[in-house]
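First up is the structure itself, then whatever we jot down about it.
What follows draws every value from the coordinates through simple rules; no lab data is involved. These numbers come from a predicted model, not from an experiment. Note that each Cβ is placed from the backbone with ideal geometry, even for glycine, and that neighbours are counted across all protein chains shown.
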Amino acid sequence: MDFDRLSETMRRLAIEAGEAIMEIYRAPDLGVETKADDSPVTKADLAADRIISDGLRAAFPDVPLVTEEQAATHGALHGDFLIVDPLDGTKEFVQRRGDFTVNIAFVQGGVPTRGVVYAPAKERLFYTNALGQTVEEDGTHDPSRVGFSVPIRVARPDNAALRVVASKSHRDAATDAYIAGYQVADFKSAGSSLKFCLVATGEADLYPRLGRTMEWDTAAGQAVLLGAGGRVVRFDSHAPLLYGKPGYENPFFIAHAPGVDLIPAG
């Protein structure tokens, strides 16, 4: 894989998709429909998916692509692949809360090693560079010109005063009970894959997810966090969270900064 080209392409496509999303976000009609699993889908999901999938297939025609909005791509895969959630946090998008992201990742040997997370309404852009190191880019987010970027790293947490982030739309009693086992100095809620990015930047130390997610929901965020020195592990065994699983469904997981003393699964 040409990682320079991959990083440039994923960044550009995420920004182009973000522009299409924001055009619809500002319109009175979001074009909301309901999928077979009762989750919402909008005109923005589909517009962003077209931009990203067409761009990735043109740039990397020999690399398998999995994208949430194309069921035909959800078959079993062997080897490395690209994986896309063109609009993560559709509920936040529909409610015009801003906590939604564009997610593109490359999975190598079951691990998302490169990724981009773009939150166009928040004007925050995170991605791994060609070396696999994570940066946050400042500036206008021009798809044709890379702006000023700053390397980001996870924090070194104090287990007596952890900062925790959890889902805004999917938090439940089981998550609250797990969090209660830690000494928490600060708690915040966030939508979509932004939670991974908050751990990556050192704005949070711990993100537990005790609920259903799919690999396209998490791959880009995990790549961003890994590139910043963080970890993502299964909730049950604390083994690394891997990709290419049958059906692309994740187990419960914990994203965290190194140094957090994880509580064993009950």
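For the stretch 3-151, the Cβ-based charge dipole about the Cα centre amounts to some 160 debye (Lys, Arg positive; Asp, Glu negative; other atoms uncharged).
For the chain, the longest principal axis of the C-alpha atoms and the axis of helix 43-59 are separated by about 80°. What you get for the chain, charging only the Cβ of Lys and Arg (+1) and of Asp and Glu (-1), is a dipole of about 420 debye around the Cα centre.
Dividing the mean sequence gap of close Cα pairs (under 8 Å, 6+ apart) by how many residues the chain holds gives a relative contact order of 18 percent. Using only Cα atoms, find the angle between the long axis of helix 215-227 and the longest principal axis of the chain, and express it within 0 to 90 degrees, rounded to the nearest 10. Orientation of helix 215-227: about 70 degrees from the principal axis.
Order by neighbour count: 134, 140, 201, fewest other Cβ atoms within 10 Å first, most last.
Working: 134 29, 140 9, 201 21.
In order of increasing Cβ crowding within 10 Å: 140, 201, 134.
Quick one: length gained pulling residue 187 to residue 33 fully straight, 0.36 nm per residue minus the C-alpha distance?
Numbers: separation 154, 0.36 × 154 = 55.44 nm, distance 3.28 nm.
Computed gain between residue 187 and residue 33 is 52.2 nm.
Scan the chain and report its longest stretch carrying no trypsin sites (Lys or Arg not before Pro) that are both in a DSSP loop and have at most 16 other Cβ atoms within 10 Å. Excluding the exposed sites themselves, the longest stretch runs over 36-95.
Angle, helix 3-25 long axis vs. longest principal axis of the chain, Cα atoms, 0 to 90°, nearest 10? Between the helix axis and the principal axis of the chain, the angle is about 80 degrees. Across the alpha-carbon set of the stretch 162-256, the Rg to Rh ratio works out to 0.93, Rh being the Kirkwood radius. Multiplying the residue separation of residue 78 and residue 142 by 0.36 nm and subtracting their alpha-carbon distance yields 19.6 nm.
Label separation (residue 70 vs residue 160): 5.4 nm, computed from points 7 Å beyond Cα along the C-beta direction. Charged side chains reduced to their Cβ positions (Lys and Arg at +1, Asp and Glu at -1) give the stretch 145-189 a dipole of some 320 debye around its Cα centre. Summarising the overall dimensions of the stretch 2-147 from its C-alpha atoms, the Rg and Dmax are 14.7, 43 angstrom. Excluding same-chain neighbours fewer than eight residues apart, the aspartates and glutamates reachable from residue 188 by a Cα-Cα span under 14 Å are 99, 176, 203, 205. Simple spin-label estimate for residue 249 and residue 95 gives 2.5 nm between the two label positions (7 Å along the Cα-to-Cβ direction from each Cα).
Note down the relative contact order for the stretch 42-102 as a percent, whole number, built from C-alpha pairs under 8 angstrom at least six residues apart. If you can, show how the numbers build up before the last one.
Numbers: 68 pairs, mean separation 18.5, N = 61.
Dividing the mean separation by the residue count of the stretch 42-102 yields 30 percent.
Going from the fewest other Cβ atoms within 10 Å to the most, the residues 253, 81, 93, 100 appear in the order 81, 253, 93, 100.
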